[in-house]
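K.L.:
Have a look at the structure that comes next, please.
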Amino acid sequence: MILQPSRVVALVALLLSISEVSGHAQETSVQASLSVQGRPTVYGSVVALRGKTFNEPRVIVIATVKPLTPKQFEQVAKANAEETMTLEGGPSYVKASFKEDGTLRYLVGDGGGAVFSKKNEPDQTILHGKATVTGDRVKGEVTLNEPGDYAKVARLSFDLPILTEAPAAK
């Protein structure tokens, strides 16, 4: 069977677009959610950036419902990486702070009617997480499962480039 030149071109274009889409799928992989007292929030935007806590470098992974504005991105980058914060515009968020070696330091957030800050300490059992930081990329997972009157369940799974500026709006 011989294909017409226009069909060959169309087939090649299709294959290239499929490989490009699958390449982008591998470029960033994220899942983020928070449930407070059984009310879930799913975060559609997750970014990684570098910050500091008392002049010690940190890698910050922050999940929001909508992408951060450039002003919010700057606010996250300049804030103490381990503090709960109110972002301009008040969006719900979950933020994990890691040391450069990938050790989880804190998980903080504001969403579902709860503001929380959980430090990763050896004797606690409700917060777990680890990241692998390789150059300008971070990959890892964080889970919080806090029982009680204000039960919180948070999950953050990511494989992202570490950005130096806010991503362009889509």
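The values are calculated or read from the model by the stated rules, or taken from the named source; none is laboratory data. If you're wondering where the values come from, they're calculated on a predicted model, not measured in any experiment. Counting neighbours? That spans all protein chains shown, and the Cβs are built from the backbone with ideal geometry, glycine included.
K.L.:
Could you give every pair whose Cβ atoms fall below 6 Å, whose first residue belongs to the stretch 24-40 and is among the β-branched types (Val, Ile, Thr), and whose second residue is modelled with pLDDT of 60 or more and surrounded by 10 or more Cβ atoms within 10 Å (Cβ to Cβ), counting only separations of at least 6 or pairs across chains?
P.N.:
The qualifying pairs are Thr28/Leu160; Val30/Val46; Val30/Phe158; Val36/Gly112; Val36/Gly113; Val36/Ala114; Val36/Lys152.
K.L.:
Moving on. Answer yes if at least one residue in the stretch 94-113 is among the hydroxyl-bearing types (Ser, Thr, Tyr) and over 23 Å from Leu68 (Cα atoms), and no otherwise.
P.N.:
Yes, because at least one residue in the stretch 94-113 is among the hydroxyl-bearing types (Ser, Thr, Tyr) and over 23 Å from Leu68 (Cα atoms).
K.L.:
Being hydrophobic (A, V, I, L, M, F, W, C), outside any strand (DSSP E or B) and surrounded by 20 or more Cβ atoms within 10 Å (Cβ to Cβ) is the filter here; which residues of the stretch 37-72 pass it?
P.N.:
Here is the first cut: in the stretch 37-72, the residues hydrophobic (A, V, I, L, M, F, W, C) are 42, 46-49, 54, 59-63, 65, 68.
Applying the additional criterion that residues be outside any strand (DSSP E or B) yields 54, 65, 68.
Across the stretch 37-72, the qualifying residue is only Leu68.
K.L.:
Scan the stretch 94-126 for residues that are in a strand (DSSP E or B), free of Cβ contacts under 8 Å to residues at least 60 places away in the same chain and either in contact with a Phe, Trp or Tyr (Cβ under 9 Å, 6 or more places away or on another chain) or crowded, with 20+ Cβ neighbours inside 10 Å (or both) and report the count. Working first, answer last.
P.N.:
Looking only at the stretch 94-126, we keep the residues that are in a strand (DSSP E or B), and these are 94-98, 103-111, 114-119.
After this cut, where a residue has to be free of Cβ contacts under 8 Å to residues at least 60 places away in the same chain as well, the list is 95, 97-98, 103-108, 110, 115-119.
Then keep just the ones that are either in contact with a Phe, Trp or Tyr (Cβ under 9 Å, 6 or more places away or on another chain) or crowded, with 20+ Cβ neighbours inside 10 Å (or both); that gives 95, 97-98, 104-108, 110, 116-119.
Residues meeting the conditions: 13.
K.L.:
Also: Report, by residue number, each residue of the stretch 127-144 that is in contact (Cβ under 8 Å) with a residue 24 or more places away in the chain, under 23 Å from Val42 (Cβ atoms) and surrounded by 16 or more Cβ atoms within 10 Å (Cβ to Cβ).
P.N.:
If the condition is that a residue be in contact (Cβ under 8 Å) with a residue 24 or more places away in the chain, under 23 Å from Val42 (Cβ atoms) and surrounded by 16 or more Cβ atoms within 10 Å (Cβ to Cβ), then Gly129, Ala131, Val138, Gly140, Val142, Leu144 are the ones that fit.
K.L.:
Only residues that are more than 25 Å from Ile162 (Cβ to Cβ) and among the aliphatic types (A, V, I, L, M): list them for the stretch 98-131, please. Give the derivation first.
P.N.:
Taking the stretch 98-131 as the starting set, the residues that turn out to be more than 25 Å from Ile162 (Cβ to Cβ) are 112-115, 121-126.
Within the stretch 98-131, Ala114, Val115, Ile126 qualify.
K.L.:
Given the options Ala168, Ala154, name the one that is within 18 Å of Gly44 (Cβ to Cβ) and surrounded by 19 or more Cβ atoms within 10 Å (Cβ to Cβ).
P.N.:
On the way: Ala168 fails: surrounded by 19 or more Cβ atoms within 10 Å (Cβ to Cβ).
Selected residue: Ala154, the only one of Ala168, Ala154 that is within 18 Å of Gly44 (Cβ to Cβ) and surrounded by 19 or more Cβ atoms within 10 Å (Cβ to Cβ).
K.L.:
Next question, about the same structure. Kindly indicate which of Pro147, Pro161, Pro91 is surrounded by 14 or more Cβ atoms within 10 Å (Cβ to Cβ), without any contact (Cβ under 8 Å) to a residue 40 or more places away in the chain and not aliphatic (A, V, I, L, M). Break it down into steps so the answer makes sense when it comes.
P.N.:
Working: Pro147 fails: surrounded by 14 or more Cβ atoms within 10 Å (Cβ to Cβ); Pro161 fails: without any contact (Cβ under 8 Å) to a residue 40 or more places away in the chain.
None of the other options fit; the residue is Pro91.
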